[in-house]
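The values are calculated or read from the model by the stated rules, or taken from the named source; none is laboratory data. This structure is a prediction, so every number in the text was calculated from the model and none was measured. All Cβ positions, even for glycine, are placed from backbone atoms using ideal geometry, and neighbour counts span all protein chains on display. Areas reflect the complete protein model, heavy atoms only, side chains present, ligands, DNA and RNA absent. Shrake-Rupley method; radii C 1.70, N 1.55, O 1.52, S 1.80 Å.
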Amino acid sequence: DKGTYPFYMLKEIDEQPNVMRRLAQVYLSETGEPVISDKLLNSMKQADRIYIVGAGTSYHAGLVGKRLFENMTQTPTEVHISSEFAYEQPILSKKPFFIFLSQSGETADSREVLVNVNAGGYESLTITNVQNSTLSREATYTLLLHAGPEIAVASTKAYTAQIAIEAILAKALGEADNQIVAQRFDVRHQLGLVATGIQAIVDEKKKIEDLAKSSFLNTPNAFYIGRGIDWSVSLEAALKLKEISYVQAEGFASGELKHGTIALIEKGTPVIGLITQEKTAGLTRSNLQETMARGAHILTIVSESLAKPGDDIILPDVDELMTPLLSVVPTQLIAYYTSLNKGLDVDKPRNLAKSVTVE
Ligand code: F6R
């Protein structure tokens, strides 16, 4: 039931602070330590490489997961689009461990990979929102997203829930291996900051609604740019805008723009910079300037500690590895309001189904 909400998508965006709190309750002990089964941890500890597999938004959550696992566990982590992995399997390491990300647990492309993984005798974990779904039944282990039903076709709270679980899992695994980054990472504190941070952003949605109206309503195209983890989020931000508001959008590594794509920038083209990482903030800002010099209409989504006068959307500060949980939220709202203002059916965009059960 969507209650007083006009669309499920907005309700699901607003639910994200609660989802973060619920995950902390479900997966952390009273002292804030991850509660993950020994069996799963031991199985992952033996792995020399993690392979994350998913489609669409789940693939994008995997891209963030790679940064979490590599930073906290020092285990090389690859992220793959399931429909590609299924027929062009990469050369596997000696002891691979597979993580399937799937909100529905029914995505045929991902299942095709899992069938091959099982045939190879490898262990796997499915992170899904749906208990007893196909991918959950067929994988060795399951962790549930506890996000509540996601009805809108455009995935929002499943993406943030997937990232939060990846953070908890990376912390558990890194700590079990005495990795200093994991030991220092206070996951409970961070999830608390994230919950309050998302709340602060959704409480200010009027501002984002106005921005969507002034900058996205009449544009045929738009670019999200960023580096590192911000680039990963820019891909998800662009997908949201494409699928529900039909604006042709690209998520781009900001340093790569000048190697060709900058030719697409015209007077008024919206270019949104995601800036949450100290070491690349200045570079992304210069890349934004380069597009502005070609007429782009630039906007910024910036962590508070990196903010400058004139920035458009300021995000409360959290650990740099957790920033996707905040930076994605304004982009979800930009997509939502652009779709709404165009009079489109936000929850049921054309040509799309909630769960894709064909390859
Ligand atoms: C985008 C979206 C899709 C799904 C993709 C995978 O908003 O919803 O890109 O993320 O079809 O679905 P799951 O996660 O159910 O495997």
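For region 236-359, the relative contact order comes to 29 percent (Cα pairs under 8 Å, sequence separation of at least 6). Relative to the current alpha-carbon distance between residue 283 and residue 200, full extension at 0.36 nm per residue lengthens the span by 27.1 nm.
Taking a ≥ b ≥ c as the square roots of the eigenvalues of the Cα gyration tensor, an a/c ratio of 1.5 or more together with a/b no larger than b/c marks region 48-107 as oblate.
Electrostatic bookkeeping for residue 262 treats Lys and Arg as +1 and Asp and Glu as -1; over the other residues with beta carbon under 10 Å from its beta carbon, the sum is 0. Taking a ≥ b ≥ c as the square roots of the eigenvalues of the Cα gyration tensor, region 1-91 is classed as oblate, since a/c reaches at least 1.5 and a/b does not exceed b/c. May I ask for log10 I(q)/I(0) of the chain at q = 0.09, 0.14 Å⁻¹, from a Debye sum over the Cα atoms as equal point scatterers with solvent left out? Here log10 of I(q) over I(0) equals -0.47, -1.17.
Taking a ≥ b ≥ c as the square roots of the eigenvalues of the Cα gyration tensor of region 126-175, is the shape rounded (a/c under 1.5), prolate (a/b larger than b/c) or oblate? Note, shape of region 126-175 comes out oblate.
Relative to the dominant Cα principal axis of the chain, helix 229-245 is inclined by about 70°. Think of a 1.4 Å ball rolled over the protein heavy atoms: the chain then has 41 Å² of accessible area per residue. Extension gain, residue 354 to residue 259: 0.36 nm times the residue separation minus the Cα-Cα distance gives 30.6 nm. When you filter the trypsin sites (Lys or Arg not before Pro) in region 16-115 for DSSP loop state and at most 13 other Cβ atoms inside 10 Å of their Cβ, you are left with 94. By the rule of a C-alpha distance below 30 Å, with chain neighbours fewer than 8 residues away ignored, the lysines paired with residue 267 are 205, 206, 207, 213, 240, 242, 258, 279, 308, 342. Measuring nothing but protein heavy atoms, the accessible surface of the chain at 1.4 Å probe radius is 49 percent carbon and sulfur. For the options 255, 228, 120, a Gaussian network treatment of the chain with springs between C-alpha atoms closer than 10 Å singles out 120 as fluctuating the most. Neighbours of residue 111 by Cβ distance under 12 Å: Lys/Arg scored +1, Asp/Glu scored -1, total -4. Model label points for residue 132 and residue 342, set 7 angstrom from Cα along the Cα-to-Cβ axis, are 3.9 nm apart.
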